[in-house]
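The values are calculated or read from the model by the stated rules, or taken from the named source; none is laboratory data. All values derive from a computational prediction rather than experimental measurement. Cβ atoms come from the backbone with ideal geometry, glycine included; neighbour counts cover every protein chain shown.
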Amino acid sequence: MTEMLYMTEGIQLNIWMALGVFASTALTDAVYVFFNAAVAQRRSIRAATWSSIWYLLSAFAVISYTHNATYVLFAAGGSWVGAFCAVTWLGPVVATARRSTSGLRERSGKTSG
């Protein structure tokens, strides 16, 4: 059974496809955020795993909305929700103190100039 949503004359959407595109894009963007977090932490196995999941998930959204460009709107909405939720879940960044390079030069006996 196909449930069609008729928005205007000539444009029809399958509500389940629209929800599928939305959900897969939300999940894809969440995975992208986790991928970037793993890269920033220099965790190669974790980053590689998130990267492969990212590509698998993005395939559904790309294939789905290329047949009907209206699905791009659902993809954009899912993308926003996924990234927002993932960044919120990761929490705030904890600031770390940076060492000044001049202090390192002084300790090593090297001077500039």
**Report entry** Odd one out for Ala61 among (1) within 30 Å of Val94 (Cα to Cα); (2) modelled with pLDDT under 85; (3) surrounded by 18 or more Cβ atoms within 10 Å (Cβ to Cβ)
**Finding:** (1)
Query raised in the report: Only one of (1) more than 13 Å from the chain's Cα centre (by Cα); (2) free of Cβ contacts under 8 Å to residues at least 12 places away in the same chain is not met by Val21, so which one is it?
Result: (2)
Query raised in the report: Does Ala48 satisfy being at pLDDT 80 or above, among the hydrophobic types (A, V, I, L, M, F, W, C) and in a helix (DSSP H, G or I)?
Result: yes
